[in-house]
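Note sheet for the following structure.
The values are calculated or read from the model by the stated rules, or taken from the named source; none is laboratory data. From a predicted model like this one, the values you see are computed outputs, not experimental measurements. So basically every Cβ, Gly included, is an ideal-geometry build from the backbone, and we count neighbours across all protein chains shown.
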Amino acid sequence: MRVSGEVAPPGDKSVTHRALILGALSHARVTVHGALTADDARSTARVLRQLGVRVGSLRRGRRVVVVGRPWVSPSRTLNCGNAGTTARLTLGAIAGQPIEARLTGDRSLRRRPMQRVAVPLKAMGATITSEGEDGLPLTVRGGALRAFSYHTPVASAQIKAALLFAGVSGNVPVTVSEPAKSRDHSERLFAHLGFDVHTHGTTVELRGVPESWPAVPNFSLEIPGDASSSAFLVGAATLADGGEILLRSVGVNPTRTGFLEVLTRMGGHVHRLDERDVCGEPVADLAVRPATLRGVTVGPNEIPALIDEIPMLAVLASRAEGESRFREVGELRVKESDRLGLLAENLRAIGVRAAIEDNDLVVVGSDQPPRGRVETGGDHRLGMAFAVLGTTAGGTVELSETRSAAVSYPDFFSDLTHIGSHE
Ligand code: S3P
(Lines give C-alpha, C1' and ligand atoms only; values in the text may rest on other atoms or scores of the structure.)
Protein backbone atom coordinates (compact mmCIF):
# COMPACT_ATOMS: atom_id res chain seq x y z
CA MET A 1 0.00 0.00 0.00
CA ARG A 2 1.18 3.53 -0.76
CA VAL A 3 -0.13 6.31 1.47
CA SER A 4 -0.93 9.95 0.83
CA GLY A 5 -3.24 12.74 1.95
CA GLU A 6 -4.28 14.49 5.13
CA VAL A 7 -6.56 13.42 7.97
CA ALA A 8 -7.87 15.33 10.98
CA PRO A 9 -8.29 12.60 13.62
CA PRO A 10 -11.32 12.67 15.95
CA GLY A 11 -11.31 14.71 19.15
CA ASP A 12 -9.39 13.35 22.13
CA LYS A 13 -11.53 10.92 24.10
CA SER A 14 -9.95 11.59 27.51
CA VAL A 15 -10.12 15.37 27.13
CA THR A 16 -13.70 15.23 25.82
CA HIS A 17 -14.91 13.27 28.88
CA ARG A 18 -13.18 15.73 31.21
CA ALA A 19 -14.42 18.85 29.39
CA LEU A 20 -18.04 17.63 29.45
CA ILE A 21 -17.91 16.61 33.12
CA LEU A 22 -16.17 19.77 34.27
CA GLY A 23 -18.60 21.91 32.26
CA ALA A 24 -21.46 20.01 33.89
CA LEU A 25 -20.05 20.70 37.36
CA SER A 26 -19.82 24.45 36.68
CA HIS A 27 -22.86 26.70 36.69
CA ALA A 28 -21.89 28.24 33.36
CA ARG A 29 -22.61 27.81 29.69
CA VAL A 30 -19.60 25.96 28.30
CA THR A 31 -18.96 25.66 24.56
CA VAL A 32 -16.78 22.72 23.55
CA HIS A 33 -15.18 22.73 20.08
CA GLY A 34 -13.78 19.60 18.44
CA ALA A 35 -15.27 17.16 20.97
CA LEU A 36 -15.19 13.46 20.21
CA THR A 37 -18.64 12.39 19.02
CA ALA A 38 -18.07 8.61 19.26
CA ASP A 39 -20.02 6.16 21.47
CA ASP A 40 -17.85 6.67 24.59
CA ALA A 41 -18.32 10.45 24.54
CA ARG A 42 -22.05 9.95 23.96
CA SER A 43 -22.13 7.79 27.08
CA THR A 44 -20.77 10.66 29.15
CA ALA A 45 -23.23 13.13 27.56
CA ARG A 46 -26.17 10.76 28.16
CA VAL A 47 -25.22 10.15 31.80
CA LEU A 48 -24.82 13.89 32.46
CA ARG A 49 -28.28 14.57 30.98
CA GLN A 50 -29.74 11.95 33.34
CA LEU A 51 -28.06 13.87 36.16
CA GLY A 52 -30.03 16.98 35.17
CA VAL A 53 -27.39 18.80 33.13
CA ARG A 54 -28.20 20.27 29.71
CA VAL A 55 -25.79 18.79 27.15
CA GLY A 56 -26.36 19.45 23.44
CA SER A 57 -26.19 16.61 20.93
CA LEU A 58 -22.77 15.39 19.86
CA ARG A 59 -22.48 15.77 16.10
CA ARG A 60 -19.26 15.59 14.10
CA GLY A 61 -17.92 19.01 13.18
CA ARG A 62 -20.36 20.80 15.51
CA ARG A 63 -19.65 22.48 18.81
CA VAL A 64 -21.31 21.04 21.92
CA VAL A 65 -22.89 23.31 24.53
CA VAL A 66 -23.07 22.21 28.17
CA VAL A 67 -25.13 24.24 30.63
CA GLY A 68 -23.91 23.21 34.07
CA ARG A 69 -26.15 23.27 37.14
CA PRO A 70 -26.48 21.37 40.45
CA TRP A 71 -26.88 17.66 39.69
CA VAL A 72 -29.98 15.70 40.71
CA SER A 73 -30.45 12.04 41.66
CA PRO A 74 -31.36 10.27 38.40
CA SER A 75 -34.64 8.35 38.31
CA ARG A 76 -33.01 5.47 36.40
CA THR A 77 -29.69 3.61 36.43
CA LEU A 78 -26.87 5.44 34.63
CA ASN A 79 -25.65 3.26 31.77
CA CYS A 80 -22.00 4.07 31.03
CA GLY A 81 -21.93 1.82 27.96
CA ASN A 82 -18.38 0.65 27.16
CA ALA A 83 -16.69 3.66 28.76
CA GLY A 84 -14.54 3.10 31.85
CA THR A 85 -13.73 6.81 31.95
CA THR A 86 -17.43 7.73 32.06
CA ALA A 87 -18.03 5.35 34.96
CA ARG A 88 -14.98 6.20 37.07
CA LEU A 89 -14.98 9.98 36.58
CA THR A 90 -18.73 10.25 37.09
CA LEU A 91 -18.41 8.27 40.32
CA GLY A 92 -15.89 10.83 41.55
CA ALA A 93 -17.96 13.82 40.43
CA ILE A 94 -21.09 12.47 42.17
CA ALA A 95 -19.17 11.76 45.39
CA GLY A 96 -19.07 15.43 46.36
CA GLN A 97 -22.79 16.13 45.84
CA PRO A 98 -25.82 15.25 47.97
CA ILE A 99 -27.30 12.88 45.38
CA GLU A 100 -27.53 9.15 44.80
CA ALA A 101 -27.12 7.16 41.58
CA ARG A 102 -26.75 3.57 40.43
CA LEU A 103 -24.22 3.00 37.66
CA THR A 104 -23.86 0.14 35.23
CA GLY A 105 -22.36 -0.53 31.81
CA ASP A 106 -22.18 -3.06 28.99
CA ARG A 107 -20.85 -6.59 29.53
CA SER A 108 -17.24 -5.49 29.01
CA LEU A 109 -17.47 -2.57 31.43
CA ARG A 110 -19.29 -4.59 34.13
CA ARG A 111 -16.26 -6.90 34.45
CA ARG A 112 -13.78 -4.04 34.90
CA PRO A 113 -12.49 -3.17 38.40
CA MET A 114 -14.21 -0.30 40.21
CA GLN A 115 -12.92 -0.87 43.75
CA ARG A 116 -9.70 0.94 42.78
CA VAL A 117 -11.86 4.08 42.64
CA ALA A 118 -14.55 3.17 45.18
CA VAL A 119 -12.08 2.48 48.02
CA PRO A 120 -10.45 5.97 48.02
CA LEU A 121 -13.79 7.70 47.35
CA LYS A 122 -15.25 5.97 50.42
CA ALA A 123 -12.23 7.13 52.42
CA MET A 124 -13.11 10.68 51.31
CA GLY A 125 -16.63 10.27 52.71
CA ALA A 126 -18.82 8.90 49.88
CA THR A 127 -21.05 5.86 50.42
CA ILE A 128 -20.58 3.26 47.70
CA THR A 129 -22.23 -0.15 47.64
CA SER A 130 -21.30 -2.80 45.10
CA GLU A 131 -23.65 -5.54 44.01
CA GLY A 132 -20.80 -7.96 43.33
CA GLU A 133 -17.22 -8.32 44.52
CA ASP A 134 -15.87 -5.67 42.22
CA GLY A 135 -17.12 -3.87 39.13
CA LEU A 136 -20.53 -2.54 38.16
CA PRO A 137 -23.36 -2.20 38.94
CA LEU A 138 -22.82 -0.12 42.06
CA THR A 139 -24.60 2.68 43.87
CA VAL A 140 -22.94 5.88 45.02
CA ARG A 141 -24.33 8.36 47.56
CA GLY A 142 -22.38 11.59 47.71
CA GLY A 143 -22.21 14.29 50.36
CA ALA A 144 -19.73 16.25 52.45
CA LEU A 145 -16.18 15.07 51.73
CA ARG A 146 -12.96 15.52 53.67
CA ALA A 147 -9.61 16.77 52.35
CA PHE A 148 -7.74 13.74 51.10
CA SER A 149 -4.28 12.54 50.24
CA TYR A 150 -3.87 9.20 48.47
CA HIS A 151 -1.09 7.05 47.09
CA THR A 152 -2.57 4.83 44.40
CA PRO A 153 -0.91 1.44 43.84
CA VAL A 154 -1.82 1.54 40.10
CA ALA A 155 -0.69 4.35 37.78
CA SER A 156 -4.12 5.21 36.36
CA ALA A 157 -5.39 8.54 35.11
CA GLN A 158 -8.93 7.37 35.76
CA ILE A 159 -8.25 6.86 39.47
CA LYS A 160 -6.42 10.19 39.67
CA ALA A 161 -9.16 12.03 37.75
CA ALA A 162 -11.98 10.44 39.80
CA LEU A 163 -10.38 11.76 43.00
CA LEU A 164 -9.65 15.18 41.51
CA PHE A 165 -13.24 15.51 40.26
CA ALA A 166 -14.45 14.52 43.73
CA GLY A 167 -12.25 17.35 45.06
CA VAL A 168 -13.88 19.79 42.63
CA SER A 169 -17.47 18.69 43.27
CA GLY A 170 -16.97 18.50 47.03
CA ASN A 171 -14.78 21.61 47.12
CA VAL A 172 -12.03 19.91 49.18
CA PRO A 173 -8.26 19.72 48.57
CA VAL A 174 -7.01 16.44 47.10
CA THR A 175 -3.48 15.09 46.62
CA VAL A 176 -2.84 11.99 44.51
CA SER A 177 0.52 10.35 43.99
CA GLU A 178 1.11 7.39 41.71
CA PRO A 179 3.92 4.95 40.95
CA ALA A 180 4.42 6.39 37.44
CA LYS A 181 2.94 9.48 35.83
CA SER A 182 -0.36 8.85 34.06
CA ARG A 183 -2.01 11.21 31.55
CA ASP A 184 -2.45 14.67 33.05
CA HIS A 185 -5.42 16.09 31.12
CA SER A 186 -7.46 16.89 34.25
CA GLU A 187 -4.60 18.83 35.80
CA ARG A 188 -4.03 20.79 32.59
CA LEU A 189 -7.72 21.58 32.20
CA PHE A 190 -7.94 22.75 35.82
CA ALA A 191 -4.82 24.93 35.45
CA HIS A 192 -6.19 26.38 32.20
CA LEU A 193 -9.33 27.44 34.10
CA GLY A 194 -7.37 28.98 36.98
CA PHE A 195 -7.72 26.25 39.61
CA ASP A 196 -5.03 26.08 42.28
CA VAL A 197 -3.38 22.85 41.04
CA HIS A 198 0.28 21.80 41.29
CA THR A 199 2.29 18.86 40.00
CA HIS A 200 5.59 17.67 41.43
CA GLY A 201 6.94 14.52 39.79
CA THR A 202 4.22 11.87 40.02
CA THR A 203 2.17 13.79 42.61
CA VAL A 204 -0.69 16.15 41.80
CA GLU A 205 -2.15 18.47 44.36
CA LEU A 206 -5.49 20.24 43.90
CA ARG A 207 -5.46 22.93 46.57
CA GLY A 208 -8.67 24.63 45.54
CA VAL A 209 -11.10 25.79 42.89
CA PRO A 210 -11.58 29.47 41.88
CA GLU A 211 -13.32 31.49 44.61
CA SER A 212 -16.52 31.94 42.61
CA TRP A 213 -16.72 28.25 41.56
CA PRO A 214 -19.11 26.87 40.35
CA ALA A 215 -20.67 30.26 39.41
CA VAL A 216 -17.92 31.08 36.90
CA PRO A 217 -18.41 33.15 33.69
CA ASN A 218 -19.29 31.26 30.51
CA PHE A 219 -16.24 29.74 28.84
CA SER A 220 -15.12 27.82 25.73
CA LEU A 221 -12.80 24.85 25.35
CA GLU A 222 -11.12 23.31 22.35
CA ILE A 223 -10.28 19.61 22.21
CA PRO A 224 -7.08 18.40 20.46
CA GLY A 225 -7.10 15.44 18.06
CA ASP A 226 -6.79 12.08 19.78
CA ALA A 227 -3.20 10.79 20.03
CA SER A 228 -4.44 7.20 20.49
CA SER A 229 -6.74 7.24 17.44
CA SER A 230 -3.96 8.88 15.40
CA ALA A 231 -1.61 6.04 16.35
CA PHE A 232 -3.50 3.66 14.02
CA LEU A 233 -2.92 5.92 11.00
CA VAL A 234 0.68 6.52 12.06
CA GLY A 235 1.03 2.72 12.18
CA ALA A 236 -0.56 2.27 8.74
CA ALA A 237 1.76 4.88 7.18
CA THR A 238 4.78 3.29 8.89
CA LEU A 239 3.98 -0.13 7.41
CA ALA A 240 3.22 1.27 3.94
CA ASP A 241 5.49 0.75 0.91
CA GLY A 242 5.78 4.42 0.06
CA GLY A 243 4.28 7.91 0.32
CA GLU A 244 3.64 10.19 3.28
CA ILE A 245 0.59 11.37 5.24
CA LEU A 246 -0.15 14.42 7.32
CA LEU A 247 -2.24 14.17 10.49
CA ARG A 248 -3.66 17.51 11.55
CA SER A 249 -3.94 18.87 15.12
CA VAL A 250 -2.88 15.80 17.07
CA GLY A 251 -2.43 16.04 20.84
CA VAL A 252 1.26 15.64 21.75
CA ASN A 253 0.93 15.90 25.52
CA PRO A 254 4.10 14.17 26.85
CA THR A 255 1.96 11.86 29.01
CA ARG A 256 0.48 10.50 25.75
CA THR A 257 3.45 10.40 23.36
CA GLY A 258 5.07 7.18 24.56
CA PHE A 259 3.92 5.58 21.30
CA LEU A 260 5.80 8.14 19.19
CA GLU A 261 8.92 7.80 21.34
CA VAL A 262 8.97 4.01 21.10
CA LEU A 263 8.22 4.10 17.37
CA THR A 264 11.18 6.44 16.88
CA ARG A 265 13.39 3.94 18.77
CA MET A 266 12.11 1.24 16.42
CA GLY A 267 13.22 3.33 13.43
CA GLY A 268 9.92 5.08 12.60
CA HIS A 269 9.72 8.40 10.77
CA VAL A 270 7.29 10.82 12.41
CA HIS A 271 7.90 14.56 12.29
CA ARG A 272 6.08 17.14 14.35
CA LEU A 273 5.16 20.37 12.58
CA ASP A 274 3.70 23.61 13.91
CA GLU A 275 3.74 22.70 17.63
CA ARG A 276 1.24 24.87 19.50
CA ASP A 277 -0.89 25.11 22.65
CA VAL A 278 -4.64 24.47 22.67
CA CYS A 279 -6.33 25.21 26.01
CA GLY A 280 -3.24 24.05 27.91
CA GLU A 281 -2.63 20.97 25.75
CA PRO A 282 0.34 20.71 23.34
CA VAL A 283 -0.77 20.00 19.76
CA ALA A 284 1.12 19.44 16.48
CA ASP A 285 0.63 18.23 12.92
CA LEU A 286 2.37 14.91 12.27
CA ALA A 287 4.06 13.95 9.00
CA VAL A 288 4.55 10.18 8.77
CA ARG A 289 6.60 8.14 6.27
CA PRO A 290 7.12 4.38 5.92
CA ALA A 291 10.02 2.83 7.84
CA THR A 292 11.94 -0.39 8.32
CA LEU A 293 11.48 -1.27 11.98
CA ARG A 294 13.65 -3.03 14.55
CA GLY A 295 12.50 -4.76 17.75
CA VAL A 296 12.32 -2.80 20.99
CA THR A 297 12.06 -3.21 24.76
CA VAL A 298 9.48 -1.04 26.51
CA GLY A 299 10.02 -0.64 30.25
CA PRO A 300 7.39 -0.53 33.03
CA ASN A 301 7.68 3.23 33.60
CA GLU A 302 6.94 3.92 29.95
CA ILE A 303 3.66 1.98 29.97
CA PRO A 304 1.23 4.65 31.28
CA ALA A 305 2.17 7.05 28.42
CA LEU A 306 1.35 4.41 25.80
CA ILE A 307 -1.13 2.13 27.57
CA ASP A 308 -3.77 2.40 24.81
CA GLU A 309 -1.20 2.09 22.02
CA ILE A 310 0.16 -1.34 22.96
CA PRO A 311 -2.10 -3.13 20.43
CA MET A 312 -0.72 -0.93 17.63
CA LEU A 313 2.86 -1.24 18.91
CA ALA A 314 2.54 -5.03 19.18
CA VAL A 315 1.32 -5.15 15.59
CA LEU A 316 4.27 -2.98 14.51
CA ALA A 317 6.61 -5.25 16.48
CA SER A 318 5.25 -8.19 14.47
CA ARG A 319 6.68 -6.51 11.32
CA ALA A 320 9.99 -5.45 12.93
CA GLU A 321 13.34 -7.19 12.74
CA GLY A 322 13.99 -9.19 15.91
CA GLU A 323 12.16 -9.57 19.20
CA SER A 324 10.18 -6.93 21.11
CA ARG A 325 9.24 -7.03 24.78
CA PHE A 326 6.57 -4.94 26.54
CA ARG A 327 7.36 -5.24 30.24
CA GLU A 328 4.76 -5.30 33.03
CA VAL A 329 1.63 -4.87 30.92
CA GLY A 330 -0.74 -6.78 33.25
CA GLU A 331 -3.09 -3.72 33.27
CA LEU A 332 -4.07 -4.72 29.73
CA ARG A 333 -6.06 -7.60 31.20
CA VAL A 334 -8.63 -5.16 32.63
CA LYS A 335 -9.16 -2.96 29.57
CA GLU A 336 -12.17 -3.18 27.24
CA SER A 337 -11.18 -6.85 26.80
CA ASP A 338 -8.39 -9.01 28.18
CA ARG A 339 -6.17 -7.17 25.74
CA LEU A 340 -3.03 -8.98 26.81
CA GLY A 341 -4.47 -12.46 26.23
CA LEU A 342 -6.22 -11.52 23.00
CA LEU A 343 -3.18 -9.74 21.58
CA ALA A 344 -0.98 -12.81 22.04
CA GLU A 345 -3.67 -15.23 20.76
CA ASN A 346 -4.52 -13.14 17.71
CA LEU A 347 -0.89 -12.55 16.76
CA ARG A 348 -0.38 -16.32 16.85
CA ALA A 349 -3.61 -16.84 14.85
CA ILE A 350 -2.13 -14.87 11.96
CA GLY A 351 1.23 -16.60 12.06
CA VAL A 352 3.31 -14.41 14.40
CA ARG A 353 5.36 -15.80 17.30
CA ALA A 354 4.01 -14.12 20.44
CA ALA A 355 3.95 -15.10 24.11
CA ILE A 356 3.04 -13.83 27.56
CA GLU A 357 5.90 -14.30 30.06
CA ASP A 358 4.75 -13.34 33.57
CA ASN A 359 3.20 -9.95 32.78
CA ASP A 360 5.41 -9.25 29.75
CA LEU A 361 4.24 -9.48 26.14
CA VAL A 362 6.89 -10.82 23.78
CA VAL A 363 6.50 -10.51 20.00
CA VAL A 364 8.92 -11.86 17.39
CA GLY A 365 8.95 -9.91 14.13
CA SER A 366 8.57 -11.58 10.75
CA ASP A 367 8.36 -10.57 7.09
CA GLN A 368 5.85 -13.30 6.22
CA PRO A 369 2.48 -11.84 5.14
CA PRO A 370 -0.01 -12.01 8.06
CA ARG A 371 -2.91 -14.32 7.27
CA GLY A 372 -5.81 -15.43 9.41
CA ARG A 373 -8.83 -14.49 11.50
CA VAL A 374 -8.75 -12.12 14.46
CA GLU A 375 -11.19 -12.28 17.38
CA THR A 376 -11.49 -8.67 18.59
CA GLY A 377 -13.52 -9.51 21.69
CA GLY A 378 -15.55 -6.38 20.79
CA ASP A 379 -12.49 -4.27 21.68
CA HIS A 380 -12.16 -1.20 19.43
CA ARG A 381 -8.39 -0.88 19.74
CA LEU A 382 -7.73 -4.55 18.90
CA GLY A 383 -9.94 -4.32 15.81
CA MET A 384 -8.26 -1.16 14.53
CA ALA A 385 -4.70 -2.39 15.20
CA PHE A 386 -5.27 -5.66 13.33
CA ALA A 387 -7.08 -3.83 10.50
CA VAL A 388 -3.84 -1.87 10.03
CA LEU A 389 -1.87 -5.12 9.93
CA GLY A 390 -4.26 -6.30 7.21
CA THR A 391 -2.93 -3.54 4.91
CA THR A 392 0.48 -5.29 4.73
CA ALA A 393 1.34 -6.44 1.19
CA GLY A 394 0.11 -10.00 0.60
CA GLY A 395 -1.70 -10.11 3.97
CA THR A 396 -5.34 -11.04 4.61
CA VAL A 397 -6.62 -10.33 8.10
CA GLU A 398 -10.27 -11.10 8.76
CA LEU A 399 -11.80 -9.34 11.79
CA SER A 400 -14.59 -10.94 13.86
CA GLU A 401 -16.36 -7.55 13.83
CA THR A 402 -15.67 -3.95 12.85
CA ARG A 403 -18.45 -2.05 14.59
CA SER A 404 -16.51 -1.58 17.85
CA ALA A 405 -14.44 1.15 16.13
CA ALA A 406 -17.51 3.35 16.79
CA VAL A 407 -16.51 3.39 20.48
CA SER A 408 -13.66 5.85 19.83
CA TYR A 409 -13.15 6.35 16.08
CA PRO A 410 -16.32 5.97 13.97
CA ASP A 411 -14.59 7.10 10.74
CA PHE A 412 -11.56 4.86 11.18
CA PHE A 413 -12.21 2.54 8.23
CA SER A 414 -13.00 5.39 5.84
CA ASP A 415 -9.90 7.32 6.99
CA LEU A 416 -7.75 4.20 6.49
CA THR A 417 -9.15 3.79 2.97
CA HIS A 418 -8.66 7.51 2.34
CA ILE A 419 -4.89 7.43 3.04
CA GLY A 420 -4.20 4.12 1.29
CA SER A 421 -3.97 3.18 -2.35
CA HIS A 422 -2.97 -0.27 -3.55
CA GLU A 423 -0.85 -0.50 -6.63
C1 S3P B 1 -8.00 7.05 30.44
C2 S3P B 1 -7.01 6.44 31.14
C3 S3P B 1 -6.46 5.11 30.81
C4 S3P B 1 -6.81 4.69 29.39
C5 S3P B 1 -8.24 4.97 29.05
C6 S3P B 1 -8.57 6.44 29.22
C7 S3P B 1 -8.48 8.37 30.89
O8 S3P B 1 -7.01 4.16 31.69
O9 S3P B 1 -6.52 3.34 29.19
O10 S3P B 1 -8.48 4.61 27.70
O11 S3P B 1 -9.17 9.08 30.13
O12 S3P B 1 -8.19 8.73 32.03
P13 S3P B 1 -6.35 3.90 33.14
O14 S3P B 1 -6.33 5.18 33.85
O15 S3P B 1 -7.22 2.92 33.85
O16 S3P B 1 -4.99 3.34 32.85
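Hey, could you check the range 195-241 for residues that are small (Gly, Ala, Ser) and touching a Pro at 6+ places or on another chain (Cβ under 6 Å) and say which is surrounded by the most Cβ atoms within 10 Å (Cβ to Cβ)?
For the range 195-241, the residue satisfying everything is SER230.
Got a number for residues in the range 107-156 being within 16 Å of the ligand (Cβ to nearest atom) and under 15 Å from ALA93 (Cβ atoms)?
5
Only one of (1) among the β-branched types (Val, Ile, Thr); (2) surrounded by fewer than 23 Cβ atoms within 10 Å (Cβ to Cβ); (3) touching a residue at least 24 places away in the same chain (Cβ under 8 Å) is not met by ILE350, so which one is it?
Against the list (1) among the β-branched types (Val, Ile, Thr); (2) surrounded by fewer than 23 Cβ atoms within 10 Å (Cβ to Cβ); (3) touching a residue at least 24 places away in the same chain (Cβ under 8 Å), ILE350 comes up short only on (2).
Looking at VAL53, VAL65, which is the one that is over 29 Å from ARG146 (Cα atoms), modelled with pLDDT of 95 or more and away from the ligand (no atom under 16 Å from the Cβ)?
Answer to the check: VAL65.
Taking only the range 361-420 into account, find how many residues are under 21 Å from VAL3 (Cα atoms) and β-branched (Val, Ile, Thr).
Qualifying residue count, the range 361-420: 7.
Every residue in the range 200-226 that is among the β-branched types (Val, Ile, Thr) and touching an Asp or Glu at 6+ places or on another chain (Cβ under 6 Å), please.
THR202, VAL204, ILE223
Look through the range 157-193, keep the residues that are touching a Phe, Trp or Tyr at 6+ places or on another chain (Cβ under 8 Å) and in a loop (DSSP other than H, G, I, E, B), and return whichever of them is nearest to the ligand (Cβ to nearest atom).
Among those residues, the one meeting the criterion is LEU193.
Look at LEU78 and say whether it is under 21 Å from the mean Cα position of the chain (by Cα), more than 19 Å from ARG256 (Cβ to Cβ), surrounded by 17 or more Cβ atoms within 10 Å (Cβ to Cβ) and aliphatic (A, V, I, L, M).
Judged against the criteria, LEU78 is a match.
Taking only pairs six or more apart or across chains, which ones have beta-carbon atoms under 8 Å, a first residue in the range 155-167 that is on the phi > 0 side of the Ramachandran plot, and a second residue that is within 7 Å of the ligand (Cβ to nearest atom)?
none
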